[in-house]
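The structure appears right after this line, and notes come after that.
The values are calculated or read from the model by the stated rules, or taken from the named source; none is laboratory data. Bear in mind the structure is a predicted one, so any value in this text is a computation, not a measurement. FYI the Cβ positions are ideal-geometry reconstructions off the backbone, even for glycines, and counts take in every protein chain you see. Surface accessibility is based on the protein's heavy atoms, side chains included, excluding ligands, DNA and RNA. Shrake-Rupley method; radii C 1.70, N 1.55, O 1.52, S 1.80 Å.
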Amino acid sequence: MSHEVLVPNEEARTAKTEVEPRELLNQVVESVRRDSQQGAQAFLSETTVPHGGE
Amino acid sequence: MASRVTGIFQRLVGLETEYAIRFHSTDPAAQPPSKFRLFESILAALRRRVPTVPARYFKEGVFTANGGAVWFEAERPSSGGGLVEGATPECRGPRQVLTYQIAQDRLLAECAQASRSGMSLIKNDRDAADNVYGAQENYEVTFAAGWRLAVWRCGLVLLFPLALLTWTSILVCVLVTLAYFLLAGLFYIPFRLLAGRNERVTLLLFGRDISEGRESCIHLPIWLEVLLQASTRLVTAPLAISLFLLLRLVAFSNIHQRLLPFLVSRTIFSGVGMLDAAGRFHLADKGPSINCVFGFGGIIGDRPVYSLGHFFKAVYAESWFSPREYASLFASRQRLQIAIGDSNMSQTAQFLRVGTTLLVLDAIEAGFFSHYPRLLSPIRALRSICADPTLRVTVPLRREASRTALHIQRFYYSGCRAFVESQADVPAEARDVLDLWKRTLDELEHPSHEEGAPQWLIGSVDWVTKKYLLDNAGANSTWSDRKKIDIRYHELSADGYFQLLSSSGLSTQLVNEEQIERATRTPPPNSPATTRGHYIREFASAGESLSVNWKAVVIGQGWRTRIIRLARYGRGQIAPPRIPGTHRDSNVRRDGRRKKG
């Protein structure tokens, strides 16, 4: 069975969009702000890991 | 283990990541499933997606077809906690390990969401109660040479009787535990006949699993778990202390001092950002909790830069099952485990974190960095750097002026550039790392702002991205709202905040979807994972008894057991050999009998 060696792939580099990035960022920031103010206490409780890990 | 590896990006590297499990129930009155039960759901979904085999290890988990592993990690099972831990296969080069890390993140996240409604994984390092977990990096390096290697090997021989005594003590603890359950049973049966079922007594004597009739990985009552943990620490303490002192004397002596200032200052581009209980912002999740340079990794509350816990586990636990594990410690090349790093979301940050560390290690082992900035107090320096988002704080050095983390990083960048230029055969990937490293340092020093936002850094450096979100959380946001931003940034779902950025095209993708999909199912080439993954793909659903760990593949049962040592494979390995006596041998029928003729 042959293996394909993973090689750097120039096509894999997707440049950040130049199309209105500022507007996209503003939309994400607004979504995050609205979501963060809903059910924050419950979210923090649901994501607690007693005694942590390694 | 291979002899000294020369060149660039030739050493093996692997990442371990602990994911917190979030379960959001639509019925607030219902008791949520235990973390272990949620982990089992994820495993069931994982088995439907890719071939898996049971792990031959002392943790609950599986190995997957790409050669990586998934475990359930619980510091105190009886507390009901627990994490999903994913370990990538052994890779070579930052792009390869990035691809397998992303593949692991995607696969586990999809399995979590597919197995139960309301479940998702959080890829971070600290929860809202300041419990710490998260990421570890593993690099194959020269453990010791010359007299240090000789001292190490002599030390291992001298420690062996103590190891034997420790194993005997642990066996006694196990036998005492079994005797306890026998006596508890003998007491409980007449008690129940006379007094009827009593939940509290049952829970006290037997723990949740037996009393509630369900598997939750809580096999002991809480008090017994605490007692056993304390007893285990007591009986292993002489061995642990002796081993630690020996390791401090000889381990990684050529590397750890030269690498330390780089790791401490690396935080400025590899940190994921964290909001503490007082509302202050730090560059890193784990950095503020790091309290020592060397340690065993949490056993006595230590949070080290370099974790030596895997040596301790090899001596007191793994060697108990297989004496070969003890013999493997005599090798001159071992695993250097770095525990200071965070679980990055940005592909750029992940690529840089591993790529720069690999370059610095390659340069150090090639004889570069004979002179390097020596931190006067590494832990204090780390905390100072973490506490200053302006990156202007200076840290004191021995016999020279204090420097900023940026200055220290530029020193290592220049050294690595000189190392790369001195090499005849330089992979393009190494130049990619250097170019990206320089660009990142330049942007951190002089951010190219556009309308108030450090445009290039957002989506590239996690702490900058997270801080931007926090700074725009709104004047009315409470600490809980902001802490939700801190943690939900790391949620591996469409609702995760980094994922929102990524799906909007605001974060650079360094690997394509085809590469990621292939990495979920096939192992990397030229690695022990190549052979491990092959056997898993060939035998997982073939009816053969198969179990696997990092060092070996075990096929068959009883007298037909075959053990394939993976240390013999790696570079140049394309396909595993046929195993005589198994059904994969064309002369053997599926029922195990040899064909006639």
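Accessible surface of the protein assembly as shown, 1.4 Å probe: 55 percent of it comes from carbon and sulfur atoms. The amide H of B:Thr404, built 1.01 Å from its N in the peptide plane, has B:Val395 as neighbours under 5 Å, considering only residues 5 or more places off or on other chains. Taken per residue, the accessible surface of chain B reaches 41 Å², heavy atoms only and a 1.4 Å probe. Projected onto planes of every orientation and averaged, the convex hull of the alpha-carbon atoms in the protein assembly as shown covers 32.8 nm². Calculated mean residue ellipticity, 222 nm, chain B: -14500 deg cm²/dmol, from DSSP H runs (n ≥ 4) at -39500 (n - 2.57) each, averaged per residue and rounded to 500. The simple Förster model, with R0 at 56 Å and r as the Cβ-Cβ distance, assigns B:Ile300 and A:Asn26 a FRET efficiency of 0.70. Among the residues of B:19-27, the average count of other protein chain beta-carbon atoms within 10 Å of the residue beta-carbon is 3. A straight Cα-to-Cα reach below 19 Å connects B:Lys551 with the aspartates and glutamates B:Glu16, B:Glu60, B:Glu85, B:Glu90, B:Glu137, B:Glu140, B:Glu318, B:Glu325, B:Glu538, residues fewer than 8 places away in its own chain not being considered.
Scanning chain B for long hydrophobic helices, with DSSP H runs required to stretch 15 angstrom or more by C-alpha along their axis and to average at least -0.5 on the Kyte-Doolittle scale, returns B:35-49, B:94-115, B:146-195, B:222-250, B:347-365, B:405-422. The Kirkwood radius of chain B, taken over pairs of alpha-carbon atoms, gives through the Stokes-Einstein law at 37 °C and 0.692 mPa s a diffusion coefficient of 127 µm² s⁻¹.
Going down the table (B:Lys59/B:Lys467; B:Lys438/B:Lys467; B:Lys35/B:Lys466; B:Lys313/B:Lys438; B:Lys59/B:Lys286), which pairs top 31 Å between alpha carbons? Among B:Lys59/B:Lys467; B:Lys438/B:Lys467; B:Lys35/B:Lys466; B:Lys313/B:Lys438; B:Lys59/B:Lys286, the Cα-Cα distance tops 31 Å for B:Lys59/B:Lys467; B:Lys313/B:Lys438.
In percent, rounded to a whole number, the relative contact order of chain B is 20, using alpha-carbon pairs under 8 Å and six or more apart.
Kindly identify segment B:14-116 as rounded, prolate or oblate by the Cα gyration tensor criterion: order the square roots of the eigenvalues as a ≥ b ≥ c, call it rounded if a/c is under 1.5, otherwise compare a/b with b/c, prolate if a/b is larger, else oblate. Taking the square roots of the gyration eigenvalues as a ≥ b ≥ c, segment B:14-116 is prolate. Counting only aspartates and glutamates at least 8 places from B:Lys483 when in the same chain, those with an alpha carbon closer than 15 Å to its own are A:Asp35, A:Glu46, B:Asp125, B:Asp127, B:Asp130, B:Asp276, B:Asp285, B:Asp471, B:Glu491. Of the residues B:Trp167, B:Trp147, the one with the largest accessible area comes first in the ranking B:Trp147, B:Trp167, computed with a 1.4 Å probe on protein heavy atoms. Computed on the Cα trace of segment B:73-205, the radius of gyration divided by the Kirkwood hydrodynamic radius gives Rg/Rh = 1.13. Label positions at B:Arg374 and B:Asp435, each projected 7 Å from the Cα along the C-beta direction, are separated by 3.8 nm.
Spin-label model, B:Leu194/B:Ala542: points 7 Å from Cα along the beta carbon direction are separated by 5.9 nm. Averaged over peptide B:473-484, the number of partner chain Cβ atoms lying within 10 Å of each residue's Cβ comes to 5.
The length gained on full extension between B:Arg521 and B:Ala29, counted as 0.36 nm times the residue separation minus their Cα-Cα distance, comes to 173.1 nm. Full extension of the segment from B:Ser448 to B:Ala366, taken as 0.36 nm per residue of separation minus the current Cα-Cα distance, would add 25.9 nm. When the accessible areas of B alone and A alone are added and the area of the pair subtracted, with a 1.4 Å probe, the result is around 5100 Å², both sides summed.
In order along segment A:34-45, phi translates into HN-Hα couplings of 5, 5, 5, 8, 10, x, 5, 4, 5, 4, 5, 5 Hz, rounded to whole numbers, per the Karplus curve 6.51 cos²θ - 1.76 cosθ + 1.60 with θ = phi - 60° and x for Gly and Pro.
Per the Cα gyration tensor, segment B:304-457 maps to an equivalent ellipsoid with semi-axes of 32, 20, 18 Å, ordered largest to smallest.
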